[in-house]
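Have a look at the structure below, then the notes.
The values are calculated or read from the model by the stated rules, or taken from the named source; none is laboratory data. It should be emphasised that the depicted structure is a prediction, and the values quoted were computed from it without experimental measurement. A quick note on method: Cβ atoms are made from the backbone with ideal geometry, for glycine too, and the neighbour counts reach across all protein chains shown.
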Amino acid sequence: MARPAFVQILMAVYNGEEYLHEQIDSIRRQTHQDWELLVSDDCSTDGSLAILREYERYDQRIRVVLDGERHGSAKGHFMALLRMADAPYVMTCDQDDIWDEDKIEFTLRAMRDHERVEQGKPLLVCTDLRVVDEQLTLLSPSFLTYSGMDASKLTMGFFLASCVVTGCTMMLNASATDLCKVPVNEGALIMHDWWASLVVAAFGTVIHLDRATLSYRQHASNSVGADRFTVVRALASLDQKRQTARQTFAQAREFKRVFDGRLDLGQRDQVDTYLSLQDALPLARMVGLGRCDAWKHGLLRNLGHALVFLTL
């Protein structure tokens, strides 16, 4: 058998015909050309599959996989693709963005630099994004700034309660991909990128590069989009944030079930402490967030974090 491509790109598609050409063409223009695109269509009702078959015919690096399987969500779709991945480096890709021409090259260079220092460790490298509208008009040069997020803390404790990794920017090395292949109850997961971030942070390192490597298109059909951060909007979305916080407990329980035997004593205590917050008194949750290292970075972000956990 031929060796796997150096970098495998996993693209999950559903009714994406409007933007597919631009996204795939941006991948084909990459300065790093040693890649394979595994693209799966989630039983689209538009012309997406025909477009994918067209690309598959004239570029042998593009393969349509999981043909005819119904996944029903981006999370399930990407988890199925991750189970197929077998390359040294794996990236995940949305159907409606546009990659910068050196996205693979830039991310891979950082990955290999870190591998030389952290030999054998699972690594996840991610980047910032620029936010654009349907016509590619710039809304913000930084997704993190636009969303009021900060990537200076990337520990396991942080990922128990929060996530700043956007899947369409991330690259996994083989050790990290193997962690994502461990059988799991997907219904307990929030998103594939959050899960990947949590497990890699526990057993390896998550690295954030402070540069946008793609144009992240915002439109009416986004599965997950970018919302501009304002204090008023943050307060208005408290119910949604509380719902997400409750989901983090289900995800943490699944993380413990799957990986408990691999965690050291300190990590196990962190996870147990986090899970205890669900039934703790409000003020005890504040102490617990500190014990399990689940606070964010920055006063304003932590005030919002506290408000969510005080009012669960």
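State yes or no: is S44 hydroxyl-bearing (S, T, Y), touching a strand residue (DSSP E or B) at 6+ places or on another chain (Cβ under 6 Å) and at negative phi?
So S44 does not fit the description; no.
Could you give every pair whose Cβ atoms fall below 6 Å, whose first residue belongs to region 34-58 and is aromatic (F, W, Y), and whose second residue is assigned to a helix (DSSP H, G or I), counting only separations of at least 6 or pairs across chains?
Final answer for the pair search is Y55/I24.
Please name all residue pairs, on different chains or six or more residues apart, with Cβ atoms under 6 Å, provided the first residue is in region 105-122 and is on the phi < 0 side of the Ramachandran plot and the second residue is among the small types (G, A, S).
Listed pairs, sorted by first residue: K121/G204; P122/S175; P122/A176; P122/G204.
If I filter region 1-41 down to residues being among the small types (G, A, S) and under 20 Å from V132 (Cβ atoms), which single residue comes out as surrounded by the most Cβ atoms within 10 Å (Cβ to Cβ)?
G16
It is to be established whether one or more residues within region 92-101 are buried (at least 23 other Cβ atoms within 10 Å of the Cβ), among the hydrophobic types (A, V, I, L, M, F, W, C) and either modelled with pLDDT under 95 or out of contact with any Ser or Thr (no Cβ under 9 Å at 6 or more places or on another chain) (or both).
Yes.
What pairs come out if I take residues in region 294-312 that are within 17 Å of S147 (Cβ to Cβ) and pair them with residues that are hydrophobic (A, V, I, L, M, F, W, C) and at pLDDT below 90 whose C-beta lies under 7 Å away, six or more apart or interchain?
Short answer, once both residue conditions are applied: G304/A234; V308/L238.
D133 passes all but one of (1) under 25 Å from L189 (Cβ atoms); (2) out of contact with any Ser or Thr (no Cβ under 9 Å at 6 or more places or on another chain); (3) modelled with pLDDT under 95; which number fails?
D133 satisfies all of (1) under 25 Å from L189 (Cβ atoms); (2) out of contact with any Ser or Thr (no Cβ under 9 Å at 6 or more places or on another chain); (3) modelled with pLDDT under 95 except (1).
Show the residue pairs that are 6+ apart or on different chains and have beta-carbon atoms under 7 Å apart, the first residue being within region 271-285 and assigned to a loop (DSSP other than H, G, I, E, B), the second being of a type outside the set (K, R).
These pairs meet every condition: A280/G288.
When the residues of region 267-290 are narrowed to those that are surrounded by 15 or more Cβ atoms within 10 Å (Cβ to Cβ) and more than 17 Å from Q251 (Cα to Cα), which ends up farthest from the chain's Cα centre (by Cα)?
If we take residues in region 267-290 being surrounded by 15 or more Cβ atoms within 10 Å (Cβ to Cβ) and more than 17 Å from Q251 (Cα to Cα), then A280 is farthest from the chain's Cα centre (by Cα).
Would you be able to tell me the number of residues in region 197-247 that are among the small types (G, A, S), at pLDDT below 90 and outside any helix (DSSP H, G or I)?
6
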